[in-house]
1. Among the DSSP beta bridges whose two residues both lie in the stretch 96-251, what percent are antiparallel, rounded to the nearest 5?
2. Using a 7 Å offset from the Cα along the Cα-to-Cβ direction at both residue 216 and residue 232, what is the distance between the two label points in nm, to one decimal?
3. If I stretch the segment between residue 109 and residue 161 completely, what's the gain in nm (0.36 nm per residue apart, minus their alpha carbon distance), one decimal?
4. Can you tell me which of 123-135, 151-163 comes out highest on packing, and rank the rest after it, using the mean Cβ neighbours within 10 Å?
5. Which order, highest average first, do 192-204, 86-98 follow once you tally other Cβ atoms within 10 Å for each residue and take the mean per peptide?
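Every number in this text was worked out from the coordinates using simple rules, so none of it is lab data. Since this is a predicted model, take the numbers as computed values, not measurements. All Cβ positions, even for glycine, are placed from backbone atoms using ideal geometry, and neighbour counts span all protein chains on display.
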């Protein structure tokens, strides 16, 4: 009886082991279809991991600039510039209302015109021209003067040189500068400035003797100069240089 039981148990165990081995061999075996499914899964996972970075880069390059343009579109610069220019010019202090009118006429053709910027540039040009004339520096004068004024300045320099005279000058500074006239005529913008400057100047003859001025004294000098610039066309306006076209003595 015991022998029979042992034989039956042994057979049962063998059958169970064989079944387990068979099951494990089936579960552990990967068919070609299984391999393809796994590869497709891995590919999808890689694509999913890369997608957020790609979408972010796309937003930075395309979406953001487009959004900036959409925000700017309702307020075009061309529509707001005239009002801003007129307000800026009307706020500029002048003693004669006709100067403001001249400014506005100029700004209608050249909206970049700004009285403050012009006056700052005119002051630098004034110092350069006065110093260059005293030194006899024709090259420095050439690009700052109209042909007529340049001819007058260089003629005076030549006469001074012919007499053997020299000017020793120190430009102390501009005490005051006021725009007294402004107009636009035939595409030519003209602005007149009254300068009150301080100079230390002496003129010496060919023997070195002082014949005019005082090396120890600051002298107040008033000059009224007119600067012009062609703004008749886009090409002309691309040249931002103003030239001295006229000088006059104060009344």
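1. 95 percent
2. Label at residue 216, label at residue 232, 5.5 nm between them.
3. 14.4 nm
4. Averaged packing, sorted descending, gives the order 123-135, 151-163.
5. Taking the mean over residues of other Cβ atoms within 10 Å, the ranking is 192-204, 86-98.
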